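Asker: Supplied in structure tokens, the structure appears directly below.
Rule-based calculations on the coordinates, nothing more; no lab input. Just so it is clear, the model here is predicted, and its values are computed rather than measured. Note that we place each Cβ from the backbone using ideal geometry, even for glycine, and neighbour counts take in every protein chain shown.
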Amino acid sequence: MKALVLNSGGVDSTTCVGIAVDKFGKDNVATVSVKYGQKHVKELECATKIAEHYGVPHYELDLANVLQYSNCPLLKDSTAEIVEGSYDEQIKDLNGGPVSTYVPFRNGLMLSAVASLAGSIFPDEEVAIYLGAHADDAAGNAYADCSEEFTSTIDKAIRIGTYHKVHVEAPLVNMNKATVVKTGLSLNVPYELTWSCYKGGEKPCGKCGTCIDRAKAFEANGIKDPALGE
């Protein structure tokens with residue numbers, strides 16, 4: 001069995017790298033990140049450093065052309081501004097709709113592409129694709145493609161389409177972010193190498209939803225976010 005971890009360079013997906021390496025050993029793990037037209041390359045650079053830290057192969061896919069027509073504020077050509085404030089605040093008035101930083105069917109797009117990659121680089125192996133979706137992202141239907149319903153359903157489709165050689169693992173799907181961090185800390189995940197801020201730059205903005213939720217998750221575990229340094 002091989003594991004191919006979809007790694008954005010952030011807390012959740014890097015926790016999945018730690019879980020996969022702990023379960024399968026680094027010789028059976030590879031990571032993959034995706035260019036989808038995001039505003040900055042910081043997360044891609046972090047994903048590469050994380051793979052180097054664990055000593056695993058790293059792949060990069062370019063799916064930017066598929067999403068070039070979206071005006072999601074995470075994308076570099078968008079005219080929309082990234083909303084500040086926690087996700088709890090953002091979902092209050094959404095009535096079950098997506099938050100503004102939802103990228104159209106991004107997880108479905110990436111998982112499908114990674115399933116093809118898995119069948120290409122490990123043609124004679126069974127492969128588990130690891131996805132770092134967690135319960136806080138799915139709360140209030142903020143990101144429908146992070147829900148347990150979504151991950152279990154696309155898992156079935158990928159199994160069928162790959163002759164049951166490739167499947168999806170979402171080990172964090174029922175965890176909140178504080179529990180994700182707790183899990184990663186127990187595995188010595190190198191959170192100092194990760195990046196979550198949507199705005200890029202030299203330092204995290206501290207104001208976007210992912211910065212706020214990340215800081216709270218580390219605080220809940222009694223430590224300062226290692227990525228912030230001293």
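Asker: Determine the distance separating the Cα centre of segment 36-80 from the Cα centre of segment 155-230; give it in Å without decimals.
Answerer: So the two Cα centres are separated by 16 Å.
Asker: Okay, moving on. So which residue, out of Cys16, Cys205, Cys46, gets the largest mean-square fluctuation from a GNM of the chain using Cα contacts under 10 Å as springs?
Answerer: Cys205
Asker: Under 10 Å, Cα contacts only: if you run a Gaussian network model on the chain, which one of Tyr69, Tyr59, Tyr102 comes out with the highest mean-square fluctuation?
Answerer: Highest fluctuation among the options: Tyr69.
Asker: Please arrange Met110, Met175 by how many other C-beta atoms lie within 10 Å of their C-beta, fewest to most.
Answerer: Met175, Met110
Asker: Right, next: Please list, ordered by chain and number, the residues whose modelled amide H lies under 5 Å from the amide H of Ala64; skip anything fewer than 5 residues away on the same chain.
Answerer: Amide H to amide H, under 5 Å and 5 or more residues apart or across chains, Ala64 pairs with Gly37.
Asker: Return the percentage of antiparallel bridges among DSSP beta bridges fully within the chain, rounded to the nearest 5 %.
Answerer: Within the chain, antiparallel bridges account for around 10 percent of the total.
Asker: May I ask you to list the aspartates and glutamates whose Cα is less than 19 Å away from that of Lys2, ignoring any residue fewer than eight positions away on the same chain?
Answerer: Once the sequence-local aspartates and glutamates are set aside, what remains near Lys2 is Asp22, Asp27, Glu52, Glu60, Asp124, Glu125, Glu126, Asp155, Glu169.
Asker: Could you work out, for segment 97-201, what percent of all Cα-Cα pairs fall into each 10 Å distance bin, beginning at 0 Å and stopping at the bin that holds the largest distance?
Answerer: In order of increasing distance, the bins hold 14, 39, 36, 11, 0 percent.
Asker: Computed over the Cα atoms, what is the radius of gyration of the chain divided by 2.2 N^0.38 Å, N being its residue count?
Answerer: After normalising by residue count via 2.2 N^0.38 Å, the value is 0.95.
Asker: Only Lys, Arg, Asp and Glu count, each charged at its Cβ (+1, +1, -1, -1), so figure out the dipole size of segment 133-184 about its Cα centre, rounded to 20 debye.
Answerer: 200 debye
Asker: Of the cross-linked pairs Lys49/Lys182; Lys49/Lys203; Lys92/Lys177; Lys177/Lys207; Lys156/Lys216; Lys26/Lys203, which ones have a Cα-Cα span greater than 26 Å in the structure shown?
Answerer: Lys156/Lys216; Lys26/Lys203, as the Cα separations exceed 26 Å there.
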